[in-house]
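Engineer: Handing you a structure now.
The values are calculated or read from the model by the stated rules, or taken from the named source; none is laboratory data. Only a predicted model underlies this, so the values are computations on that prediction, with no experimental measurement involved. When we count neighbours, we look across all protein chains shown, and the Cβ atoms used for this are built from the backbone with ideal geometry, even at glycine. Calculation scope for accessible area: heavy atoms of the full protein, side chains included, ligands and nucleic acids excluded. Shrake-Rupley method; radii C 1.70, N 1.55, O 1.52, S 1.80 Å.
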Amino acid sequence: MGHSATFGIVGGYGATGRAVARELLKAGDGEILIGGRDPARLESAAAEFGSRVSAARLDVLDVGSLDEFCSHCSIVVNCGGPVMLLQDRVAQAAFRRHCHYVDPAGLSFVKERMLPHAREIADLGLSFVVSAGWMPGITELVPIYAYEHARAKMDSIESVRVYFSDSGEWSANALRDGVWYLRQVGLPKPGYCRKGEWVRMKMQEASRKADLGDRIGLRRFSIVSMPELNELGRRLTDCDFLTYSYLSGFRTAAAAILIALLPLSEESGVRLLRGVFRRNHLPVAGFAVAHVVGRSEGRSAVLRARVTFDAGQDYWMNAVSLATVARMISAGNGVQSGVHFLFDAVGPMALMAELRKAGVRQTETFEISERQAAGGG
């Protein structure tokens, strides 16, 4: 795709949509079309950004309105919500109008519902990248990046462990989606992927402490299951793959259980979930860390990779990932055609390099020792 691409941002005057527009304006010369229901807010946002940004009224629950919006776009970045209400409406409209599509969190069913069209989408040369924000998104990119990096340095890989957390400065719609998701999955049995196969683990093994180094330190984590991370784990057939979320204390675990199991009102669930995140008192606002343990030159080795962000950067972290993927699609820069989660859509090395250029703080270390590291960190 050439330089004449038009980036359509659904939910363009919301916090994430505005942040995506700002990131897209930093590089390239494509036009940006922001869509939303409130004409006054649309015009205000468009005026704020300048001549490259225009506005169009959009009702995401109306098929005709969605089709009309997408007909003016080359790439649709869906920042609308809540996802539980919109479901796959925007993705289907992008498909009908032959647009590329990117979203921050498809809650798994967006990808599932687009998969029947995957062959046609690929034949059209279109890229549909689902769950391409921070969490999910970068939380899967970090482990696949670390894994691929470790493969070039190690003779064999034994395990990949992922640790992540978030300050929870989410929009009300994102919190509604979080509550909906917890209610859908309930309290699944703890487990992990052993060489690509899902296996259960004992309850007493589902929590562990890990030292994540400078600024984060020694923290307690609980094993978690997410569709995007689970799919990644099933792809890694040569090692164990375990994913953990930061556990700030008993009240955090209790709140998640209450949301998952009790018939609380949505408002009560959102209040509880917001409280869970706000108890995550950490020196950084969010992090995704991957520890890859293996063997190199006959000795134990560990590669550690991480991405962190500071307070006030929550929306930016989502936006920078979405905008970077959209720009790579526009430039024809290595984004696969078809329907994919982020970790499977773009080469992890190339994407991480682009994110670093955009300002994402990513670091890694590699160590070889004489003795086997206990538990792999």
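Engineer: Which of the peptides 157-163, 329-335, 45-51, 101-107 is most tightly packed, and how do the rest follow, judged by the mean count of other Cβ atoms within 10 Å per residue? Write down the numbers at each step before the final one.
Structural biologist: Numbers: 157-163: 22.9, 329-335: 19.1, 45-51: 14.0, 101-107: 27.7.
Answer by packing, highest mean first, reads 101-107, 157-163, 329-335, 45-51.
Engineer: Something else: Where the only charges are on Cβ atoms (+1 Lys, Arg; -1 Asp, Glu), what is the dipole of the stretch 51-98 about its Cα centre, to the nearest 20 debye? Don't jump to the answer; show the numbers that get you there.
Structural biologist: Details: 5 positive and 5 negative charges, 35 e Å.
Its charge dipole is roughly 160 debye.
Engineer: Also, quick follow-up: With all protein chains present and a 1.4 Å probe, how do E120, E297 order by accessible area, largest first? List each step's numbers first, then the result.
Structural biologist: Numbers: E120 95, E297 135 Å².
In descending accessible area the options line up as E297, E120.
Engineer: Another question, if that's okay. Just order 86-96, 245-255 by mean Cβ neighbour count inside 10 Å, highest at the front, would you?
Structural biologist: On the way: 86-96: 21.7, 245-255: 16.3.
In decreasing order of mean packing, 86-96, 245-255 become 86-96, 245-255.
Engineer: Please list D344, D238, D211 from largest to smallest accessible area, probe radius 1.4 Å, with all protein chains kept in place. Mind dumping the intermediate values first?
Structural biologist: Values: D344 40, D238 65, D211 95 Å².
These residues rank, largest area first, as D211, D238, D344.
Engineer: Could you run the Karplus curve 6.51 cos²θ - 1.76 cosθ + 1.60 with θ = phi - 60° over the stretch 244-261 and give me ³J(HN,Hα) per residue in whole Hz, x for Gly and Pro?
Structural biologist: 3J(HN,Hα) across the stretch 244-261, in whole Hz: 10, 10, 4, 10, 6, x, 4, 5, 5, 5, 5, 5, 4, 5, 4, 5, 5, 10.
Engineer: Using 0.36 nm times the number of residues separating I368 and E267, minus their current alpha carbon distance, what extension gain do you get? Don't skip to the answer; put the middle values down first.
Structural biologist: Numbers: separation 101, 0.36 × 101 = 36.36 nm, distance 5.01 nm.
The span from I368 to E267 would gain 31.3 nm if fully extended.
Engineer: Determine how large the accessible area of L175 is when every protein chain is in place; take a 1.4 Å probe and give Å² rounded to the nearest 10.
Structural biologist: Per-residue accessible area (L175): approximately 0 Å².
Engineer: Using modelled backbone amide H atoms (1.01 Å from N, in-plane), which distant-in-sequence or interchain residues come within less than 5 Å of A285's amide H?
Structural biologist: Amide H neighbours of A285, under 5 Å, 5+ apart: F309, D310, A311.
Engineer: Answer rounded, prolate or oblate for the stretch 53-106, using the Cα gyration tensor with square roots of eigenvalues a ≥ b ≥ c: rounded when a/c is under 1.5, else prolate when a/b is larger than b/c, else oblate. Each step should come with its number before you reach the end.
Structural biologist: Numbers: a/c = 1.38, a/b = 1.26, b/c = 1.10.
Rounded, since a/c falls under 1.5.
Engineer: Right, here's the next one. Normalised by the number of residues in the stretch 20-108, what is the relative contact order in percent for Cα pairs under 8 Å and 6+ residues apart?
Structural biologist: Details: 104 pairs, mean separation 20.1, N = 89.
Reported relative contact order: 23 percent.
Engineer: Note the listed values (i) 17; (ii) 13; (iii) 36, then indicate which one is percent of Cα pairs over 38 Å apart calculated from this particular structure.
Structural biologist: Matching the structure shown: (i).
Engineer: Roughly how many Å² of I368 are accessible to a 1.4 Å probe, to the nearest 10?
Structural biologist: So the heavy atoms of I368 present about 60 Å² to solvent.
Engineer: Under the Karplus relation 6.51 cos²θ - 1.76 cosθ + 1.60, θ = phi - 60°, what is the ordered set of whole-Hz ³J(HN,Hα) values for the stretch 26-39, x standing for Gly and Pro?
Structural biologist: 6, 9, x, 10, x, 7, 10, 10, 9, x, x, 7, 8, x
Engineer: Divide, for the stretch 199-313, the radius of gyration over alpha carbons by 2.2 N^0.38 Å, where N is the residue count.
Structural biologist: On the way: Rg = 16.5 Å, N = 115, 2.2 N^0.38 = 13.4 Å.
For the stretch 199-313, the normalised Cα radius of gyration comes out at 1.24.
Engineer: Right, something else. Just to confirm my numbers, what's the Cα centroid distance between the stretch 165-179 and the stretch 247-297 in Å?
Structural biologist: 11
Engineer: Restricting to lysine pairs 8 or more places apart or on different chains, what number in the chain have Cα atoms under 21 Å apart? Intermediate results must be reported in sequence, preceding the final value.
Structural biologist: Details: K26/K357; K153/K195; K189/K202; K189/K209.
Lysine pairs meeting both conditions in the chain amount to 4.
Engineer: Charges at C-beta only: +1 for Lys and Arg, -1 for Asp and Glu. How large is the resulting dipole of the stretch 53-181 about its Cα centre, in Debye rounded to 20? Don't skip to the end; give the middle numbers.
Structural biologist: Numbers: 11 positive and 16 negative charges, 16 e Å.
Approximately 80 debye in magnitude.
Engineer: Can you pull the one-decimal nm distance between simple spin-label points at N333 and S156, each 7 Å off the Cα toward Cβ?
Structural biologist: Distance between the two pseudo-spin positions: 3.9 nm.
Engineer: How much accessible surface does E43 have with a 1.4 Å probe, in Å² rounded to 10?
Structural biologist: In the full protein context, E43 sits at about 110 Å².
Engineer: Let me ask something additional. Heavy atoms only, 1.4 Å probe, whole protein assembly: order S131, S171 by accessible area, highest first. Kindly include the intermediate steps, with their values, before the conclusion.
Structural biologist: Values: S131 0, S171 45 Å².
If we order S131, S171 from most to least accessible, we get S171, S131.
Engineer: FRET efficiency for H98 and T237, Cβ-Cβ distance as r, R0 = 35 Å, nearest 0.05? Spell out each step's value before the answer.
Structural biologist: Details: r = 35 Å, r/R0 = 1.01.
Computed FRET efficiency for H98 and T237 comes out at 0.50.
Engineer: Between S207 and A40, take the C-beta separation as r, use R0 = 45 Å, and let me know the FRET efficiency to the nearest 0.05. Could the numbers behind the result be given before it?
Structural biologist: Values: r = 49 Å, r/R0 = 1.10.
Efficiency at R0 = 45 Å is approximately 0.35.
Engineer: Please give the peptides 64-71, 360-367, 11-18 ranked by average Cβ packing (other Cβ atoms within 10 Å per residue), highest first, as a rough proxy for protection.
Structural biologist: 11-18, 64-71, 360-367
Engineer: In whole Hz, what ³J(HN,Hα) sequence does the stretch 211-219 give by Karplus (6.51, -1.76, 1.60; θ = phi - 60°), x for Gly and Pro?
Structural biologist: Working through the residues one at a time gives 9, 9, x, 3, 6, 9, x, 7, 9 Hz.
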